[in-house]
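The values are calculated or read from the model by the stated rules, or taken from the named source; none is laboratory data. The structure presented is a predicted model; accordingly, all values stated were derived computationally and were not measured. Note: ideal-geometry Cβ built from the backbone for every residue, glycine included; neighbour counts use all protein chains shown.
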């Protein structure tokens, strides 16, 4: 069964078809949301919310675009809302800070990529969601610019510009991190 057939079955109330959709997309959605939030637990929660909305709003799905685009659009909207809430109430517990520092130290001690992953994570976190979403969808999830335009409900030209600006920002940020690491040695 392809995605379109599965969603038609979900619209009829078939829970097995919904289970197949979840199985097909859950890891990709959690990974996408993790790239967006940087918090695995939050990513899992947002993914669960994404699939709840897929199930309960299946009747509103129109087969104009691929099902994956619709699912990613739901996940993107939830992630943007979550990021707005996080900025509004940005408090950090000492336990969270200690856990973050341990993760950062663990990743920087990796002999294959000393600091690269933490630098990339920091650069992605600093990137405004307007640019982060298209960059992640394009470079990490493999969507075409046209699919991203459908997901974000923006013109393809806007998506191209945002991907270009986002990549440029990441490049500059990573170059500064590498230059800083050279002088720190």
Handout entry: Residue in segment 83-96 that is touching a helix residue (DSSP H, G or I) at 6+ places or on another chain (Cβ under 7 Å), at pLDDT 55 or above and surrounded by 14 or more Cβ atoms within 10 Å (Cβ to Cβ) present
Key = yes
Practice task
Could you tell me which residue of segment 54-65 is nearest to the chain's Cα centre (by Cα), considering only residues that are closer than 24 Å to residue 149 by Cβ and surrounded by fewer than 17 Cβ atoms within 10 Å (Cβ to Cβ)?
Solution key: 65
Practice task
Scan segment 32-45 for residues that are buried (at least 16 other Cβ atoms within 10 Å of the Cβ), part of a helix (DSSP H, G or I) and more than 10 Å from the chain's Cα centre (by Cα) and jot them down.
Solution key: 42, 45
